[in-house]
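Q: One structure coming up, written as structure tokens, with questions to follow.
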Ligand code: 13P
Ligand code: SF4
């Protein structure tokens, strides 16, 4: 641990704070987190916070918002408020309402990568780890699903239900970078490797992979596998965590440029300031949070 990390740990103790971080955070932030996980694990963890006075959330805006939705009486801080997930802004509430009017009988399943105002209009949320189970749990066969068109495609393939992507072409700029040539080239280089990709990758990339998994599922898969070499198709700092936790395995990124710049806006310096000055607090209007909480809690009943 470096000096700044030690200072943060002390401050965290003095302030009775917990630090939650997503798997795409840089190594130095992963190391100071009390809990590190994928979106679903972070939702579950946020729903179980009991005795902390402060929660510092090192992830993008929609993740910190979800923690605030689940903890209305707690102070949830995000070290850099501009750490936004561009995909989560591709389905504003107004746009969603248009689709709901067009398909009045469809169930509305929103990816957790949406903002609170949109979540408040959903029947149920999902993450990449439970999207298939969530859709299968519904009576409806026609589903409005957004904002990621690739996760929508994955769910359609797995469930056979009519999945209507909303908007038509919502995407993640990081996972869009992967293409089929990356997979074929890397497979030739490492013929024994297993290829794991995230469902936010394009459908044709998913079809070439051995497994399509959320980041948390990748962690469990690699830890439990007897294979030695893995090629990872998601944000590069997943490789950081996988290498740290599996020193006996060979883990490579399918593309070193796959960096979520938005996640990286959090730095040790900003985490320290966030604890010292207790900012930036995530505030969600009560009526929005109350409605959104119903959709989050309904998802948490399915997992
Ligand atoms: P996970 O839930 O798989 O961690 O994915 C979150 C995300 O934003 C992927 O880009
Ligand atoms: Fe959003 Fe993509 Fe970054 Fe995930 S990787 S937080 S979906 S921009």
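Throughout, read-outs are computed from the coordinates displayed, never taken from laboratory work. Please read these numbers as outputs of a predicted model, since none were measured by experiment. Here the Cβ is made from the backbone with ideal geometry for all residues, glycine too, and neighbour counts use every protein chain on show.
Q: Please arrange 196, 97, 300, 125 by how many other C-beta atoms lie within 10 Å of their C-beta, fewest to most.
A: With the fewest neighbours first, 196, 97, 300, 125 line up as 97, 300, 196, 125.
Q: Treat the count of other C-beta atoms within 10 Å as a stand-in for reagent exposure and order 269, 148, 34, 14 from fewest to most.
A: Values: 269 12, 148 27, 34 16, 14 9.
With the fewest neighbours first, 269, 148, 34, 14 line up as 14, 269, 34, 148.
Q: Can you tell me what the convex hull of the Cα atoms of the chain projects to on average, as an area in nm²?
A: Details: hull surface 60.6 nm².
That works out to 15.2 nm², a quarter of the Cα hull's surface.
Q: Which of these, 101, 187, 243, has the largest mean-square fluctuation under a Gaussian network model of the chain (Cα springs below 10 Å)?
A: 101
Q: Sticking with this one: Give me the distance between the Cα centres of segment 233-280 and segment 122-181, rounded to whole Å.
A: Here the two parts' Cα centres lie 25 Å apart.
Q: Quick check on the chain: helices-only [θ] at 222 nm, where DSSP H runs of length 4 and up contribute -39,500 (n - 2.57) each and the sum goes over total residues. Nearest 500, please.
A: That comes out to -12000 deg cm²/dmol.
Q: From zero up to wherever the largest Cα-Cα distance of segment 147-303 sits, split into 10 Å bins and tell me the percent of pairs in each.
A: Answer for segment 147-303: a P(r) of 9, 29, 32, 22, 7, 0 percent.
Q: Determine one quarter of the surface area of the Cα convex hull of segment 1-98, which equals its mean projected area, and express it in nm² to one decimal.
A: Computed as one quarter of the Cα hull surface, the answer is 6.9 nm².
Q: Starting from 0 in steps of 10 Å, tell me what percent of the Cα-Cα pairs of segment 1-49 lands in each bin.
A: Answer for segment 1-49: a P(r) of 26, 50, 24, 1 percent.
Q: Can you pull the Rg over Rh of segment 33-175, Cα-only, Kirkwood?
A: In segment 33-175, Rg relative to Rh is 0.98.
Q: When only Cα pairs under 8 Å and 6 or more residues apart are kept, what is the percent relative contact order across the chain?
A: 23 percent
Q: A further question on this structure: Can you sort 132, 44, 195 by how many other beta carbons sit within 10 Å, fewest first?
A: Neighbour counts put them in this order, fewest first: 44, 132, 195.
Q: How large is the Kirkwood hydrodynamic radius of segment 137-208, in angstrom, based on all distinct alpha carbon pairs?
A: Working: mean 1/r = 0.0753 Å⁻¹.
This gives a value of 13.3 Å.
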